[in-house]
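Notes follow the structure.
The values are calculated or read from the model by the stated rules, or taken from the named source; none is laboratory data. As the structure is a prediction and not an experimental result, all values here were calculated from the model. Don't worry about glycine lacking a Cβ; one is built from the backbone with ideal geometry, like all the others, and counts go over all protein chains shown.
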Amino acid sequence: MRIALTGNIGSGKTEIGKHLQKKGFYVIDTDILAREVVKPGSKALDIIRETFGPEIIKEDGSLDRKRLGIIIFSDKHKKKKLEAILHPLIWSKLIEQMQGREIVVVELPLLYEINWQDRFDKVILVRADDDIRLRRIMERDSVTEEDAKKRLQSQMAQEIKARQADYIIDNSGKWPETIAQLEEILAHIGGKNETN
């Protein structure tokens, strides 16, 4: 079974992914895959440099993700260009890692934006109130309120995603409440895969 774990920026889906890993589920974080495909020397990084300019490459040759983030969250056309470069490469890596797994959980923030929901058997959406997500983004990414708001607005509304998801976790409250919701979903889905 392929389970997509999704949620807008600042919703807390990564923490839920970590919790699932501790419970023995095989979890793939597509943010990690996205970093792997743009390693120094990779073809994808060369294309990104040509597309967005040399200033998005750090002195050590790695991608300046913070600078690139500011560019793409300010311009949806540039965001689409980046996605067109990265998404086929990420999906290819995902397919490799999902092979032979009875149950696999894939952390995929932009599931609905890139229209991959039909590639999964079940979708768990993690949501949180906008003011909570705004604060989390500012603290986590050390960005201004304006930049954090741009990131919030760059994604499809949580309400639209909630209408399409199989399960919803509200992560606006205390952590034990979030975990209780997750446990209920897991009991409904049933089964688990061993981590290795």
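When the helices (runs of 4 or more DSSP H) confined to segment 84-196 are screened for residues that are farther than 13 Å from Gly12 by Cβ, of a type in the set (Lys, Arg) and in contact with a Phe, Trp or Tyr (Cβ under 8 Å, 6 or more places away or on another chain), those reaching at least 2 such residues are found at 145-153. For beta carbons closer than 6 Å, sequence separation of 6+ or different chains, a first residue in segment 177-194 that is at pLDDT below 95 and a second that is among the aliphatic types (A, V, I, L, M), the qualifying pairs are Gly191/Ile103; Asn193/Ile103. The sole residue among Gly12, Gly17 that is modelled with pLDDT under 95, crowded, with 19+ Cβ neighbours inside 10 Å and of a type outside the set (Val, Ile, Thr) is Gly12.
Looking across segment 132-151, the residues that are in contact (Cβ under 8 Å) with a residue 12 or more places away in the chain and in contact with a Ser or Thr (Cβ under 8 Å, 6 or more places away or on another chain) come down to Ile132, Arg133, Lys150.
Criterion applied to Phe73, Phe52 was being surrounded by 14 or more Cβ atoms within 10 Å (Cβ to Cβ) and in contact with a Ser or Thr (Cβ under 6 Å, 6 or more places away or on another chain), and the one residue passing it is Phe73. Screening the candidates Glu113, Glu59 for the property of being surrounded by 15 or more Cβ atoms within 10 Å (Cβ to Cβ) and either on the phi > 0 side of the Ramachandran plot or of a type in the set (Asp, Glu) (or both) yields one hit, Glu113.
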